[in-house]
Amino acid sequence: MLQEQSKKHNATPVVLPPEQRQPETANFPAVGPTSPMDWPAERFGEALQRRELNRQALLSWVKSNLKGGIDYGQIHVVGKDKCRMAQMGKANECLDMTHWSKPSLWKPGAEKICGMLGLIPRFPNLSEYEGAAIRGEDIKVILLKCELRTANGFVAAEGTGARRVTQDYGDINKSLKMAEKSAHIDATLRVAGLSELFTQDLEDMDGRQGVQPQNGNGTAPAKPDPAPSSAKPEPSPPQEKPEPPQDNPKPPPRQTNGGNGAQDKRPAENRSNGDQPNGNRITGKQYKYIMSLTKEAGMTKAQLNEHCVEAYGSVVDHISRNDASSLIEWLLNK
C-alpha cells in the first residue's frame, strides 16, 4: 500500500511558480563610446591630426584651382561717399580690396569642390514643387533642401536655398534652378568648412557694383600696402573754375512731382545726355560684354530691357557705367 502511494506521489507533475523559472538568455549589445570626446585619447588625437591634414590639403587645392570671376567673385560694397572710383562710375576698377566683399562661392566652384570630394547633390523635396507646378498651383516661394551624398548614399552635409518667384517674373523653372544653386552652395560650404574662404552667393545683395577686378591670369590684383599714418592724404584734384554766365544757361536737371527730387520716369529714349542718371553712360566694352552674357543666359534683349527698366529706370542702351557693372554681376550669377 505504501509503495503504491509513493508511486502516485512521484508521478504527480511538479510545476514551479513563474518567479522560479529560469530566464531566457538575452544578447545585450556591447556599449561603446558614442561621441568622439569619449574615444581613447590616442585614437582621438590621431583622428584630429588626420582630418586637419586633409582639410589643409583641400584648402590648398581650392586656392590653387578655383578661379576668380568663374568659380567665385566679389562685389564692391563701399559707397560713392567713401570710394572715389565709385564716384566716377568705375567701381569695378577699384583696386582697394578693403572696398570689396568677402569672396562669394558660385555654382561652378561648388561643382568642382563636390566633384573632387566624390559628393553627389540631391534635392529630396524638389519633386513636390515640380508636382505643384504641373498641377497649376500658385507657388510664391520655393524652399529647397540639398543633400550631398557619397557613392554609398551617406548624407555628408545638407543645405537650403530659397527663391521668390517674383524675382524671376513668374518663371517657375528659373526660380527652381536658382533655389537649387543656392542650396547646393550652402551644402558645399558646410561639408568642407569653407566659410573662412567664401560666403553664400551675394547675387541679390542691393547696391552691388560689379565683380572683383582681375589680372590677365584670372586672379585678383594684390592688395596695396596701406599708407603709413604719418603720410599726408592725397590731394584732391583741382576744381574747375566756374564758367562765366551765358545768355542762355543750361536748365537744371528735370525733376518731377513739383521739384521734390523724384527719379525721372521718362523713357530712356526720350532723355538727353544731361538727364542720364548716375553720371556716365554705359561704355561700348560693357555693352558688348553684357550682350554676350545675355546670350549665354538664354535671355532675349527684350527680357534684358525689361529687367533694366525695373532695376535702373531705363533700357540697357542708356544705363550708366555704374549700373552696367551691377548688371554684369547679375548676369554672371544667372
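The table below lists the values:
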| read-out | value |
| --- | --- |
| Relative contact order [Cα under 8 Å, 6+ residues apart], segment 32-106, whole percent | 27 percent |
| Neighbour-limited loop hits for trypsin sites (Lys or Arg not before Pro), segment 103-178 (at most 13 other Cβ within 10 Å; DSSP other than H, G, I, E, B) | Arg135, Lys140 |
| Around Tyr287: net Lys/Arg minus Asp/Glu count, Cβ-Cβ under 14 Å | +4 |
| Theoretical FRET efficiency, 1/(1+(r/R0)^6), r = Cβ-Cβ of Gln87 and Tyr289, R0 30 Å, to 0.05 | 0.85 |
| Rounded to the nearest 20 debye, dipole of segment 275-334 from Cβ charges on Lys, Arg, Asp, Glu | 280 debye |
| Estimated inter-spin distance, Asp96 and Leu117, nm [label 7 Å along Cα→Cβ] | 3.6 nm |
| Range of Cα positions in segment 275-334 per principal axis (Å), largest first | 32, 21, 16 |
| 19 Å Cα-Cα threshold exceeded, pairs from Lys63/Lys107; Lys107/Lys334; Lys301/Lys334; Lys174/Lys301; Lys140/Lys301 | Lys140/Lys301 |
| Low-density loop cleavage sites - trypsin sites (Lys or Arg not before Pro) in segment 51-100, where at most 12 other Cβ are within 10 Å (DSSP) | Lys82 |
| Cα gyration tensor, segment 51-209 - rounded (a/c under 1.5), prolate or oblate | oblate |
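Quick note: the coordinates plus some simple rules give every number you see, no bench work behind them. Small disclaimer: the values here were computed from a predicted structure and weren't measured. Counting neighbours? That spans all protein chains shown, and the Cβs are built from the backbone with ideal geometry, glycine included.
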